[in-house]
1. Given Arg330, Arg302, Arg288, which one is under 60 Å from the mean Cα position of the chain (by Cα) and over 17 Å from Pro380 (Cα atoms)?
2. Can you find a residue that is aromatic (Phe, Trp, Tyr) and free of Cβ contacts under 8 Å to residues at least 60 places away in the same chain anywhere in segment 278-286?
3. Could you count how many residues in segment 178-205 are surrounded by fewer than 16 Cβ atoms within 10 Å (Cβ to Cβ), in contact (Cβ under 8 Å) with a residue 24 or more places away in the chain and under 60 Å from the mean Cα position of the chain (by Cα)?
4. Could you list, ordered by first residue, the pairs with Cβ atoms under 7 Å in which the first is in segment 88-111 and assigned by TED's automatic domain parsing to the domain that holds Leu195 and the second is among the β-branched types (Val, Ile, Thr) and surrounded by 13 or more Cβ atoms within 10 Å (Cβ to Cβ), at least 6 apart or interchain?
5. Taking the conditions exactly as written (in contact (Cβ under 8 Å) with a residue 24 or more places away in the chain, among the basic types (Lys, Arg) and out of contact with any helix residue (DSSP H, G or I) (no Cβ under 6 Å at 6 or more places or on another chain)), does Arg313 satisfy them or not?
6. Cβ-Cβ below 6 Å, separation at least six or inter-chain, first residue in segment 387-408 and among the charged types (D, E, K, R), second modelled with pLDDT under 90 and surrounded by 14 or more Cβ atoms within 10 Å (Cβ to Cβ): which pairs?
7. Which residues, counting only those in segment 341-355, are within 52 Å of the chain's Cα centre (by Cα) and not in a strand (DSSP E or B)?
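The values are calculated or read from the model by the stated rules, or taken from the named source; none is laboratory data. In this text the structure is predicted, and so the values were computed from the model without any measurement. Using ideal geometry, Cβ is built from the backbone for each residue, glycine included, and neighbour counts are taken over all protein chains shown.
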Amino acid sequence: MIKRPTIRIAISTVTLALLVVGFSEAPLVHGSEIDSVKKQIESIGSSVEEKKQTREEIASQAQRYRSIIMSKELESASIEDEIGLIDSNIAKNQLDIEIAVDQIRGLELETRLLSDKIVEHEQMITNERRLMSGLARKLHRSQFNKSPFEALLNAGSLSDFFDAWQSMASLQSSVRKAADKLKESKIALENERDLKETKQVSIKERRRGLEVAKRELEDSKMLKQSLLLETKSSEIEFRYALAELEKEQSEADSEIKYLERVLREKQELISRLGRGTAVLSWPVDPSRGITARFHDPEYPYRNVFEHPGIDIRCYQGSPVRAAAAGVVARAKDGGMGYSYVMLLHSGGVSTVYGHLSKIYVREDSYVERGEVIGLSGGMPGTPGAGRLTTGPHFHFEVRSGGIPADPLKFLP
C-alpha cells in the first residue's frame, strides 16, 4: 500500500468566511472599510502562500512517483526480456528433446535390426556347420569306409589316394574358415549392437537432463511472471497515486488562481473606496413622496422597533440604483420573505435597499454609482416584500460606522 501525505486542497472555510463575513459584518462595527479589506488581503495573501507551499509539496511527491514509475517500467521491461530468453531456452530444450527422442527411436530400430542380423548369422553358422559336417561324413564314408590299406589298394594310383586325402582336408579347412568368418561377423555385429545400446543409453540420459532443465526453466518462468505481475501491479498503484496527486495539484493551481484574482479585486477595491465620497444619490425617483421617515413617530411598528430608514413611494418593479460606488456586502433573497441588498461605501458608510422583488447583483461584487442593483417591491404577498408592508414602496437605510443614520442627511 502506498503511503501518501494527506494534503488539504479544498478552499479553507476560514478563508471563505473572511471573504463573506468580512463584508457583511463591517457595517455593524466601528472602523474603516478600507482597513477591513486590508485585513482580508493579508488573510488571502497568507492563504495563497500556504496553497503555493502545498502545491510545491504535491509537485515534489508527484516527481518522486514519476521516478518510481519509470523504475518500475524499466524493471518490467528487464523481466519481460528475461521471460523472453527463458521462452527461447524452453523452445530450444523442447526441440533438443524431440531430436533426442528421434535419435533414440532410430537407435532402437538399428539395434533391433542388428539383433535380427545376429540371429540370422547364428542360424547361418549353424547351417554351414551342419552342411559341412554332413559332407565330410559322406566323403569319409565313401572314401574311407575301408581301411587305409584297402583304400590305397583300391585307388588307381598313389597319386589318386593322396588327391582324395587332400580334398578331404581342404573341405574340412573350408568348413572351419567359413565358420570362423561367420563367427567374426557375429562378433562384429554384437559389438556394433553394444555400441548402439551404449549410445542409446547416453541419449536417454541426455533426454532426461533436457527434460529436467525444461522443468526448471518453466519454474523460473512462472517465478518471473509472478514477479512481473507484482511489478506491474505496483506500477499501476503508483500511477493511480500519481493521477490523484496531479488532480490535487490541478485543484491547488485553480484555487491559487482564484485567491490571487480575489486578492487583486480586493486591492482594486481599496483603490476605488479610497476615491469614493460619502454623498449619496437617490436610489429611486422621490417625486412621489416619502411615506415614512427615519424614526418616524407615526411608524405603525414603532412599538416593536424604530424605523431605521425612509420609505419612498414607487411603483412595483421600479429600478433601484446604487446610491454610491461600493461593494455588495449582502444580497439576501428572502423568497416570499424580506429581500434586501447591503452596499459598503467609503468613509464607513453603508446603505441598505429593502423590499426588493428582484436582485441583480452578487455578494463581493463592485458596483458603480447609479448602477441598477434590483427592482422595488413591497406589494403584500409578493417575492421580497416580507410581512411588515402594506403596499408597494422602497425602503432605504444609511448606516455610518454600523449605526443607522437619517438618509436625508446624506441625500441631495
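1. Numbers: Arg302 fails: under 60 Å from the mean Cα position of the chain (by Cα); Arg288 fails: under 60 Å from the mean Cα position of the chain (by Cα).
Residue meeting the stated conditions: Arg330.
2. Looking only at segment 278-286, we keep the residues that are aromatic (Phe, Trp, Tyr), and these are 282.
From what's left, free of Cβ contacts under 8 Å to residues at least 60 places away in the same chain: none.
Looking through segment 278-286, none of the residues is aromatic (Phe, Trp, Tyr) and free of Cβ contacts under 8 Å to residues at least 60 places away in the same chain.
3. Within segment 178-205, residues that are surrounded by fewer than 16 Cβ atoms within 10 Å (Cβ to Cβ), in contact (Cβ under 8 Å) with a residue 24 or more places away in the chain and under 60 Å from the mean Cα position of the chain (by Cα) number 2.
4. Ala100/Ile203; Gln103/Ile203; Ile104/Ile203; Leu107/Ile203
5. Details: in contact (Cβ under 8 Å) with a residue 24 or more places away in the chain: yes; among the basic types (Lys, Arg): yes; out of contact with any helix residue (DSSP H, G or I) (no Cβ under 6 Å at 6 or more places or on another chain): no.
For Arg313, the condition - in contact (Cβ under 8 Å) with a residue 24 or more places away in the chain, among the basic types (Lys, Arg) and out of contact with any helix residue (DSSP H, G or I) (no Cβ under 6 Å at 6 or more places or on another chain) - is not met.
6. That search, which allows pairs on different chains as well, returns Arg399/Pro27.
7. Start the filter on segment 341-355 by keeping residues that are within 52 Å of the chain's Cα centre (by Cα), which leaves 341-344.
Matches in segment 341-355: none.
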